[in-house]
1. Please verify whether the range D:23-39 includes one or more residues that are modelled with pLDDT of 95 or more and closer than 30 Å to D:Ala120 by Cα.
2. If I ask for residues that are open to solvent by 10 Å² or more (accessible area, probe 1.4 Å) and touching a strand residue (DSSP E or B) at 6+ places or on another chain (Cβ under 9 Å), which ones from the range D:113-128 would you list?
3. Identify, by number, the condition in (1) within 27 Å of C:Phe108 (Cβ to Cβ); (2) away from chain B (no Cβ under 14 Å); (3) part of a helix (DSSP H, G or I); (4) of a type in the set (Val, Ile, Thr) that D:Val218 doesn't meet.
4. In the range A:138-176, which residue that is assigned to a strand (DSSP E or B) and away from chain C (no Cβ under 14 Å) is farthest from A:Ala124 (Cα to Cα)?
5. Among the residues of the range D:1-10, how many are open to solvent by 10 Å² or more (accessible area, probe 1.4 Å) and of a type outside the set (A, V, I, L, M, F, W, C)?
6. Can you pull out the residues in the range C:265-289 that are of a type outside the set (Gly, Ala, Ser), open to solvent by 50 Å² or more (accessible area, probe 1.4 Å) and assigned to a loop (DSSP other than H, G, I, E, B)?
7. Name the pairs: first residue in the range A:236-252 and more than 16 Å from C:Ile170 (Cα to Cα), second residue open to solvent by 60 Å² or more (accessible area, probe 1.4 Å) and part of a helix (DSSP H, G or I), Cβ to Cβ under 7 Å, at least 6 apart or on different chains?
8. In the range D:115-131, what count of residues is obtained for those that are more than 14 Å from D:Val149 (Cβ to Cβ) and within 23 Å of the chain's Cα centre (by Cα)?
4 protein chains.
Amino acid sequence: MSFRGVYPPIPTSFDAAGNVDTRAIGENVTRWMRTGLRGIVALGSNGEAALLDEDESDAVVNAVRAAMPDDRMLIVGTGRESTRATIAASRRAAASGAQAVLVRTPSFFKSQMTADALIAHYTALADACPVPVLLYNLPGVTGISFTPVIVSKLAEHPNITGMKETSPDIERLAQFVSVTPSDFEVFCGWAPVAYPAMAVGAAGAILAVANVAPDACVALFDHVAAGRHQQAAALQQRLTPLAQLVTATYGVPGLKLALELSGYHGGAARPPLLPAPAKARDEIAAALL
Amino acid sequence: MSFRGVYPPIPTSFDAAGNVDTRAIGENVTRWMRTGLRGIVALGSNGEAALLDEDESDAVVNAVRAAMPDDRMLIVGTGRESTRATIAASRRAAASGAQAVLVRTPSFFKSQMTADALIAHYTALADACPVPVLLYNLPGVTGISFTPVIVSKLAEHPNITGMKETSPDIERLAQFVSVTPSDFEVFCGWAPVAYPAMAVGAAGAILAVANVAPDACVALFDHVAAGRHQQAAALQQRLTPLAQLVTATYGVPGLKLALELSGYHGGAARPPLLPAPAKARDEIAAALL
Amino acid sequence: MSFRGVYPPIPTSFDAAGNVDTRAIGENVTRWMRTGLRGIVALGSNGEAALLDEDESDAVVNAVRAAMPDDRMLIVGTGRESTRATIAASRRAAASGAQAVLVRTPSFFKSQMTADALIAHYTALADACPVPVLLYNLPGVTGISFTPVIVSKLAEHPNITGMKETSPDIERLAQFVSVTPSDFEVFCGWAPVAYPAMAVGAAGAILAVANVAPDACVALFDHVAAGRHQQAAALQQRLTPLAQLVTATYGVPGLKLALELSGYHGGAARPPLLPAPAKARDEIAAALL
Amino acid sequence: MSFRGVYPPIPTSFDAAGNVDTRAIGENVTRWMRTGLRGIVALGSNGEAALLDEDESDAVVNAVRAAMPDDRMLIVGTGRESTRATIAASRRAAASGAQAVLVRTPSFFKSQMTADALIAHYTALADACPVPVLLYNLPGVTGISFTPVIVSKLAEHPNITGMKETSPDIERLAQFVSVTPSDFEVFCGWAPVAYPAMAVGAAGAILAVANVAPDACVALFDHVAAGRHQQAAALQQRLTPLAQLVTATYGVPGLKLALELSGYHGGAARPPLLPAPAKARDEIAAALL
């Protein structure tokens, strides 16, 4: 089973009272599924998964799956700090129709997250999880990083079939590609380097900006797949400013604002996230493709 | 209400099946309460709070409170990533008998945790929480830090009465003391600098090593309070090696091992935390006071 | 005047007494100039420029120039901490035949190196320097980085015609390309990302590994220029392990060892650099292309 | 020979043409020597040593020594990136009357500055240097740090008799005190923690703020030596804001401005350092003791 392609890590919609709005989520998903996106990543970082409780998380997964055709891939973020909670969340996601889980490194106890600890954590998970496990490296948030040695070891597990690298460090991504079998799929999670990542072997991309510019992101992927590197490089340049606005600059509130400006459901992020500042609206509007 | 004094941030005991062992917790607390410790901090970083679910957290609080005399202070860690979950956990802790809550900075969305966001988060919490709120700065884990400007502003709230600084940076701790009223209590959370922290105005300390060396930690506090600086400095030197072993070097697994070697309930930490390596036992045994 | 192409930042040879060995340098240069390398970078980081005095630096430049055909480009590293010393060194390099100078950010007074300070430094230099100035960003060494805003501003100066980016961060390199005119040449200084860097618009590369694998590095450049991306990606994968050994892993001592194993003059680095450890020889020998 | 006491790391005065002004330096030194300062540190970080050439450095040392009584200590910063240049500078300083040299860690080749490399560097220096060597740890500038293991080893050399720790990390400073013999003198280089540093065993302090508030800094030292901890803590609080303005906030330009406001020679710093911004004058004037 291959997951090649482009995915949006979708935000979680809330209603006016601040509760999960499954209807809005479903309508957004329906619309995304009319594009060339390969599927959906639910409950990722951009899904404010860290701000949801377990019941809300399950509701999101069910709402997303219900709005997706069967042949599209649903990948669910199920990383928790404890191994047992991660396993439990992964099983629930699989039971709700996820085809894979995307699991960030535990990081609260940073100094104890040795190679041995990470290998034990992911091995226990992969043994127990009914669907494939994708590793999720996001050092900017967690303060720790997979190494090629760890990834190479984990890639030997038959139920660990890929990973997401969320950083601008293409050397690291290329090493993960290099030390793993050709069917181990490395996804890029940092939009401003999506083209170079795919040029050095990434199997696709999971990008916040794919929520608001799905067609352009799919076109970028298709250009590289077809060897049209000049077009890919040019499209990358056009995508980068928007990508930066909806991630590093304005975060999830910026992403939700961009969705509203694009006709999707957006809405407020959950506190402690604050609304994007007033100037964000014009900047994002100007950057939309 | 003053919280001056020394507290152990107690570990959470698990039984052989990996479930919370409230009996063992109660027995440990009973023993700690025979010392000069001012009270207990439950569900802090050392309490593996990040690895517990909400029901387990509540069970720990109840077990601790039940084993404590009424005149001892129970401070409960209730930080969550979302403001609403933090408020909910704080209310439950207060209902279970906590005299204060200790609330770490949300940090998953680091780049969005501006001064405004942190002030809004803690203000909403302090407004809603029935007991005093203590701020908790632990930059080594969260990757973000309070600044004097933020702390100064939050200290104006009548229900934010103190904080814990967990770092070796005495300049920062001294600034927090300096920019807040004299009844705002700053606690030191980094044992190797507990003496200098109290010398520059800390109101006490919350120290992993106080679990295994409660009398020595209380003596350190008493020395400073009485102006016996030479004795304080000498005792600090004796405490530091043990403190480093049960925190930076071997983490919670090392702390639990040290408890066992001291006749308390220790036991395993919850995965992904691995058992301390074999050599830890001798090193810790040699460092016990 | 364009500097497009591939350059080795050559090491500085020392004799048995630890003095600069201009004969060995000249012989190495002669040999490099038989390949497709566009020219030479002398007195860069790999040239141990930080370990040379001013007279030695001048001697190196003269020795290199004397061994180069007139139509090959000589770029000389002339960054110093003070603006006036940087200007003086740049003028001397130009007088000795350098076609450009490559000038790293001053960084001793990190917290004072604001955008204004950097712009003033490079503007004063570019005004005074008889040859084009290339900016040199190496955040891993200096702890500071150019930003797109600074580079965009400096690129307006007619005598600042390009830059070198030494990091694995392709987002940043791509932004430097994006915010500057098309004739502003951005060179990649991090070999493991040389291919993706050129794919997103780098005008060439200045690579330690080009000292020991000049033909492969030139071929990599040619592949990208001709649109042969698959070959470029494949060659990149072969080059990366060697590149890592002669930079991050074993540093300048490893680079000199690799030169010896390739029939060039190598020799010892200057203390405090220590000889590469014994195991380095076999690892490097195995990685040579 | 003990160096206990308080020292100002003096700035280097420049004349209107930007050249070293030895007369101004001498007049400043004469005035400092009327206070209780134990001596002078010349050519430290605050002396803009990184911006001077070798001849200028020698001129500064000679000017300082000439203005000092014989019984005051002259410590000269002689760190260079290469071991041989460091040795040469140290010998020249000793020949000009320095009683000790203060030598920062080489740091350009960070990843190669292993424990072995640092031990070899300082051992070679201590063997060759006619006066005692003081180690200088300033991780905020160099990006590397001594460890207790390295310092413990180097302290065995009879000609390495002390060190300066420039950071707010009191745990590290206390460890350096703890792992070295009682006659190995650890100096604090971070004014906002000078009192706690001396409380845990520092033998004195080398502080930028001692240039502008020498009497207060000496009083702080005397308070601790006499066991007057309350007075020390109170004086520390008064000193900290000024200390921050002349270091982290406005750097050497701020320090020189503060000197002018105090009746000393100040003047401009050397580019790339820019003049302090306009608002600095009022802020510093308000903070002067």
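The values are calculated or read from the model by the stated rules, or taken from the named source; none is laboratory data. Computed from a predicted model, the values in this text were never measured in an experiment. Counting neighbours? That spans all protein chains shown, and the Cβs are built from the backbone with ideal geometry, glycine included. We work out accessible area using only protein heavy atoms, side chains counted, and drop any ligands, DNA or RNA first. Shrake-Rupley method; radii C 1.70, N 1.55, O 1.52, S 1.80 Å.
1. Taking the range D:23-39 as the starting set, the residues that turn out to be modelled with pLDDT of 95 or more are D:23-39.
Going one step further and asking which of them are closer than 30 Å to D:Ala120 by Cα, we end up with D:39.
The answer is yes, given that some residue of the range D:23-39 is modelled with pLDDT of 95 or more and closer than 30 Å to D:Ala120 by Cα.
2. Of the residues in the range D:113-128, the ones open to solvent by 10 Å² or more (accessible area, probe 1.4 Å) are D:113-116, D:119-120, D:123-124, D:127-128.
Within the range D:113-128, just D:Thr123 meets the criteria.
3. (1)
4. Going through the range A:138-176, the residues assigned to a strand (DSSP E or B) turn out to be A:160-165, A:169.
Applying the additional criterion that residues be away from chain C (no Cβ under 14 Å) yields A:160-164.
On the way: A:Ile160: 11, A:Thr161: 15, A:Gly162: 16, A:Met163: 17, A:Lys164: 19 Å.
For the range A:138-176, the residue satisfying everything is A:Lys164.
5. Within the range D:1-10, the first condition is being open to solvent by 10 Å² or more (accessible area, probe 1.4 Å), and the residues that meet it are D:1-2, D:4.
Narrowing the set further to residues that are of a type outside the set (A, V, I, L, M, F, W, C) leaves D:2, D:4.
Residues flagged as open to solvent by 10 Å² or more (accessible area, probe 1.4 Å) and of a type outside the set (A, V, I, L, M, F, W, C) within the range D:1-10 amount to 2.
6. Within the range C:265-289, the subset of a type outside the set (Gly, Ala, Ser) is C:265, C:270-275, C:277, C:279, C:281-284, C:288-289.
Then keep just the ones that are open to solvent by 50 Å² or more (accessible area, probe 1.4 Å); that gives C:265, C:271, C:274-275, C:277, C:279, C:281-283, C:289.
Selection gives C:His265, C:Pro271, C:Leu274, C:Pro275, C:Pro277, C:Leu289.
7. These pairs meet every condition: A:Leu245/A:Glu283; A:Gly251/B:Ser111.
8. Step one: filter the range D:115-131 for residues more than 14 Å from D:Val149 (Cβ to Cβ), giving D:120-121, D:123-131.
Narrowing the set further to residues that are within 23 Å of the chain's Cα centre (by Cα) leaves D:121, D:123-131.
Number of matching residues: 10.
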